[in-house]
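Okay, structure first, notes after.
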Amino acid sequence: MQDLIPWGIWIALFVFSYFFGTYKEKVHFANIVEREKALLLLPASSMKCPEDRAVVKTELVMGNVVIAGDFFKQVVAQLASLFGMRISVAEALMDRARREAVLRMKEKAAGADAILNVRVESMKIGERKKITGIEAMACGTAIYYAK
Amino acid sequence: MNFEPRYSEKNVNVPSHNQLWVFFRLSLGLLGIVFGVYLVLGFAAEKIAERLPPKFEAALAGGIISRLDHDDFPRTREYLQKVLAALVASTKDLPEFSYKVSVHDNGAVNAVALPAGNIVVFRGLLTELKSENEAAMILAHELGHYAHRDHLRGLGRGLVLLSIFTALGLSGDMPGFIAPSVQTFDLKHSRDQESAADHFAIDLFARTYGHAGGTLNVFKTLDRQGKGVKTPSFFSTHPDTIWRMQALASHLKLKKYPQGAVRRLPGAGVLPFPGDQKTNKGQPHNSE
């Protein structure tokens, strides 16, 4: 019977992290969509040249986020890595992290007319094959045109 | 160039399928591969084990035995060695080893057959035994494992399983659900080996003592002892005790062995013998 206890703990953790992680992901995506729509009028572009207008101020803005990969995602990622398949659980995680970082950068540049030269960097946090978390950072130059 | 704000709800970067389905698909694939490799290599290990010469086995066993070669109850061991010698003398089906029994001061209700004819009986099991017939049945059961080469098969399969997981780099937390699955599969194999050893034991007992009286008592004792901690039979290495007794009872009927007297244990009738002195652990015992 004692041999079954680690099984029970593992399964409980796996099921809990699947349902809780899926719920949190859904909520986060809904929040991202809502904020992206609200900030749609502030363009963030990888272009380096501003419009042919007088610029009164420029500013470096950045947004940074770290999102944890839950137990379920870690297990599926390890399994997928054995077969050389797409780690689709990590794709959703990366998407959330990058979009959240861009949103935070935009929120930092409140009042700007545009953000130019935008760069997005991301990296995995965790030893070996484990995805403990994903870090994403977005940075750019906020431009304030003369009115 | 004009900026036209437009928002697309469609997200091509996030997969739309259920991740749980991905998990099941990958798990089944991995389990299939592991089972396949395990079956093939396990079969190969078994075949090699069956053909391993006793001399080679004795050389291999040296390392394992030296650690366990100590004797906690010398007089009890001496008595068990006599019982074992009588059993070994009445069969020719055993590999040519110098069979030795040693008694360990451990509460486990178990006995193990180590390579090269070294049987270890734990104190926990001895205290449950009520007669010489029961002690002889335990030893005969372990001799059955030598006759069928089970002790080496177990080692071979264990090694194969360990090799697979090491090769996959899955010695961390992830295979927690896979490793027991494979082991559970192997337990069925183990239960078959235990049943075969039971049958061998009863035949050997009848050949040595001229009857099969009191042989089933050992299972009754084990059943009583195991009532507290009931493990589902599928997860157990040994078959369910009731099922074991039924199988042996029908074997007894089939063979028509006479029912003889139950021999009492010498002295106070308990094992290990009261006042039996322990020697220091690690000292090699004198073989008979």
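Bear in mind these aren't lab numbers, they're just calculated from the coordinates by the rules spelled out. Quick caveat: nothing in here was measured; it's all calculated off a predicted structure. With ideal geometry, Cβ positions are generated from the backbone for all residues, glycine too; neighbour counts draw on all protein chains shown.
Data overview
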| item | result |
| --- | --- |
| Hits among aspartates and glutamates - C-alpha to C-alpha of A:Lys24 under 12 Å, sequence gap 8 or more where chains match | A:Asp70 |
| Given B:Lys130/B:Lys255; B:Lys55/B:Lys253; A:Lys108/A:Lys147, the pairs whose alpha carbons are separated by over 30 Å | B:Lys55/B:Lys253 |
| Highest-first arrangement of B:17-29, B:200-212, where packing means the average Cβ count within 10 Å | B:200-212, B:17-29 |
| Peptide A:76-83 - average C-beta neighbours from other chains (10 Å radius) | 6 |
| Mean Cβ count within 10 Å, highest first, over the residues of peptides B:79-90, B:141-152 | B:141-152, B:79-90 |
| Euclidean distance of C-alpha centroids, the range A:110-130 and the range B:82-138, integer Å | 68 |
| Net charge contributed by nearby residues that have their C-beta within less than 15 Å of B:Gly267 (K/R +1, D/E -1) | +3 |
| Partners for B:Lys220 among aspartates and glutamates (Cα-Cα distance below 13 Å; same-chain residues under 8 apart left out) | B:Glu128, B:Glu134, B:Asp240 |
| Rounded to the nearest 20 debye, dipole of the range A:4-145 from Cβ charges on Lys, Arg, Asp, Glu | 240 |
| Cut-off 12 Å between beta-carbons: net charge of the residues surrounding A:Ala44, Lys and Arg +1, Asp and Glu -1 | +3 |
| For B:His104, distant residues with modelled amide H under 5 Å away | B:Val121, B:Phe122, B:Arg123 |
| Overall form of the range B:241-280 per C-alpha gyration tensor (a/c, 1.5; a/b vs b/c) | prolate |
| ³J(HN,Hα) computed for each position of the range B:105-118 - Karplus, 6.51 cos²θ - 1.76 cosθ + 1.60, integer Hz, glycine/proline x | 7, 9, x, 5, 8, 7, 9, 10, 9, 8, x, 6, x, 9 |
| Loop sites in the range A:92-129: trypsin sites (Lys or Arg not before Pro), DSSP, at most 13 other Cβ within 10 Å | A:Arg128 |
| Cα gyration tensor shape for the range A:4-145, rounded if a/c is under 1.5, else prolate or oblate | prolate |
| Under-5 Å amide H pairs with B:Phe273, H placed in peptide plane, nonlocal only | B:Thr76 |
| Cβ neighbours within 10 Å from other chains - mean over B:16-27 | 4 |
